[in-house]
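Participant: Before we start, here is the structure in question, set down as structure tokens.
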Amino acid sequence: MNNENALIVFQKNAILGKVKSRLAATIGEEKALEIYKSLLLHTYSETRKLNGIDTWIFFSDFIEPESGYKAEYKETQIGEDLGERMSNAFQKLFQKGYKKVVIIGTDCPEIQSSDIDAAFQSLEKKEVCIGPALDGGYYLLGMRRFKESLFENIPWSSPEVAKITLEILNFDQVSYELLKTLRDIDTEEDLIAFFPK
């Protein structure tokens, strides 16, 4: 631990047939893998621009050997579903003494280092920050103390994720800031919208 701020990057191992299943259903597994790899490179080119933040890659299945996505710290995700895996990752880093922890995925072609910096800045004033995705999910979640309820009873991969997360925060009277809305790439429609022909 070199800094008080930690960035979790949740990454699926780049394996044919294991990534971007909704995209692969219409464009094929090989093309989907190629797009996923380009999204990975974009994500890590942005995280390399960050200062004063420790980057942790949490791989879905196994820790990959050194590749284009270097980070000081690498772990594997633990848990039955996405909520449990994210919850365990946040808990692990708070237990290590980090004061602010932010998580991102690897499928947001619009995310920039400035968006990640903005998330950490918002946690100076608020307990939680959320980067909503256009599809109703979120591309970023940050907090300055662990909040387990944000990972429980959420219908992951549905258009309700961000809405229900905000309802929990409002019900529990937790202060939060909404960051700008960005587009994830999960389907062929997303791909066409981001890369119009």
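The values are calculated or read from the model by the stated rules, or taken from the named source; none is laboratory data. In this text, all values refer to a predicted model and were calculated from it rather than measured experimentally. Cβ atoms come from the backbone with ideal geometry, glycine included; neighbour counts cover every protein chain shown.
Participant: Taking region 74-118, which residues are out of contact with any Phe, Trp or Tyr (no Cβ under 7 Å at 6 or more places or on another chain), loosely packed, with under 15 Cβ neighbours inside 10 Å and not acidic (Asp, Glu)?
Facilitator: 78, 79, 95, 96, 97, 99, 112, 114, listed by residue number.
Participant: Just the residues that are in contact (Cβ under 8 Å) with a residue 60 or more places away in the chain and either of a type in the set (A, V, I, L, M) or touching an Asp or Glu at 6+ places or on another chain (Cβ under 8 Å) (or both), please, taken from region 117-149.
Facilitator: Once the filter is applied, which keeps residues that are in contact (Cβ under 8 Å) with a residue 60 or more places away in the chain and either of a type in the set (A, V, I, L, M) or touching an Asp or Glu at 6+ places or on another chain (Cβ under 8 Å) (or both), region 117-149 yields 118, 119.
Participant: Looking at 177, 167, which is the one that is in a helix (DSSP H, G or I) and not β-branched (Val, Ile, Thr)?
Facilitator: 167
Participant: Search region 111-135 for residues being at pLDDT 95 or above and in a loop (DSSP other than H, G, I, E, B), and hand back the single one that is nearest to residue 47 (Cα to Cα).
Facilitator: If we take residues in region 111-135 being at pLDDT 95 or above and in a loop (DSSP other than H, G, I, E, B), then 112 is nearest to residue 47 (Cα to Cα).
Participant: Can you pull out the residues in region 180-193 that are part of a helix (DSSP H, G or I) and surrounded by 13 or more Cβ atoms within 10 Å (Cβ to Cβ)?
Facilitator: 188, 189, 190, 191 - these are the residues of region 180-193 that are part of a helix (DSSP H, G or I) and surrounded by 13 or more Cβ atoms within 10 Å (Cβ to Cβ).
Participant: Can you pull out every residue in region 155-195 that is within 21 Å of residue 82 (Cβ to Cβ), out of contact with any strand residue (DSSP E or B) (no Cβ under 9 Å at 6 or more places or on another chain) and aromatic (Phe, Trp, Tyr)?
Facilitator: Listed by number, the list holds a single entry, 156.
Participant: Applying the selection to region 41-93, what residues are among the aromatic types (Phe, Trp, Tyr) and over 25 Å from residue 137 (Cα atoms)?
Facilitator: 62, 73 - these are the residues of region 41-93 that are among the aromatic types (Phe, Trp, Tyr) and over 25 Å from residue 137 (Cα atoms).
Participant: In region 148-164, what residues are at negative phi and in a loop (DSSP other than H, G, I, E, B)?
Facilitator: Passing the criteria: 152, 154, 155, 156, 158, 159, 160.
Participant: Same structure, new question: Name the residue that is surrounded by the most Cβ atoms within 10 Å (Cβ to Cβ), counting only residues in region 26-55 that are of a type in the set (Ser, Thr, Tyr) and within 16 Å of residue 186 (Cβ to Cβ).
Facilitator: Top of the filtered list is 36.
Participant: Could you count how many residues in region 1-22 are over 21 Å from residue 140 (Cα atoms), touching a residue at least 60 places away in the same chain (Cβ under 8 Å) and hydrophobic (A, V, I, L, M, F, W, C)?
Facilitator: Result for region 1-22: 1.
Participant: Now for a separate question. Starting from residues that are among the polar types (S, T, N, Q) and crowded, with 20+ Cβ neighbours inside 10 Å, keep the ones in region 4-25 and report whichever is farthest from the chain's Cα centre (by Cα).
Facilitator: Among them, the one singled out is 5.
Participant: Is it true that residue 152 is surrounded by fewer than 18 Cβ atoms within 10 Å (Cβ to Cβ), within 30 Å of residue 25 (Cβ to Cβ), among the acidic types (Asp, Glu) and touching a Leu at 6+ places or on another chain (Cβ under 8 Å)?
Facilitator: Spelling it out, it is not the case that residue 152 is surrounded by fewer than 18 Cβ atoms within 10 Å (Cβ to Cβ), within 30 Å of residue 25 (Cβ to Cβ), among the acidic types (Asp, Glu) and touching a Leu at 6+ places or on another chain (Cβ under 8 Å).
Participant: Still on this structure, please answer the following. Can you pull out the residues in region 155-179 that are of a type in the set (A, V, I, L, M, F, W, C) and either surrounded by 13 or more Cβ atoms within 10 Å (Cβ to Cβ) or within 26 Å of residue 112 (Cα to Cα) (or both)?
Facilitator: Within region 155-179, 156, 161, 162, 164, 166, 168, 169, 174, 178, 179 meet the criteria.
Participant: Can you work out which of the residues in region 20-70 that are among the aromatic types (Phe, Trp, Tyr) and touching a strand residue (DSSP E or B) at 6+ places or on another chain (Cβ under 9 Å) is modelled with the lowest pLDDT?
Facilitator: 69
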